[in-house]
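Following: one structure in structure tokens, then a few remarks.
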Amino acid sequence: MIFAHQPMQVKMSDGTTAHSVSTVFKNGNKTISISFDDSCGRMSQLRRTDLRLFIEQGKEECREVTHLVFFTTITREALNNIEANLENFQKAWEWLNESR
């Protein structure tokens, strides 16, 4: 399943408007979520990205596992955004389609 959440617009205190959208790729209990934003209105396109991986663990519960796929241990780097570039998306796509 592939879907996107409704786009969000937030009025910033300096008068600019920030925009963001999230696209989701789902296969069984695994999910790739990619967020796009315009860096609080400073960019003309939604070019700032963050890629996250999740595994559902119940009806309303899921666990983020991004660090398990992109890092061997939880490090300071593992807490940062994972850029949604082609290389990272390919790695995430392979994880999404691995046998359970």
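Cα centroid distance between the range 1-16 and the range 23-66, in Å?
14
Quick one: divide the alpha-carbon radius of gyration of the chain by 2.2 N^0.38 Å and tell me what you get.
Output field value: 1.18.
Exposure proxy check: R42, R52 ranked by fewest other beta carbons within 10 Å?
R42, R52
Cross-link partners among lysines for K26, C-alpha distance below 19 Å, same-chain residues fewer than 8 apart left out?
K59, K91
How big is the dipole moment of the chain about its Cα centre under a simple scheme where the beta carbon of each Lys and Arg is +1, that of each Asp and Glu is -1, and everything else is neutral? Debye, nearest 20, please.
Dipole of the chain, to the nearest 20 debye: 100 debye.
When a footprinting reagent is the concern and you count Cβ atoms within 10 Å, what order do T31, T17 take, fewest first?
Going from sparsest to densest Cβ surroundings: T17, T31.
Per q in 0.12, 0.15 Å⁻¹, report the Debye log10 I(q)/I(0) for the range 21-76, using one uniform scatterer on each alpha carbon and no solvent.
-0.37, -0.55
With equal scatterers on the alpha carbons only and no solvent term, can you work out the Debye log10 of I(q)/I(0) for the range 1-40 at 0.16 1/Å?
The Debye formula, applied to the Cα set alone, gives -0.47.
Laboratory data are not the source of any read-out in this text; all were calculated from the coordinates shown. Since this is a predicted model, take the numbers as computed values, not measurements. Because the Cβ atoms are built from the backbone with ideal geometry, glycine has one as well, and the counts that use them run over all protein chains shown.
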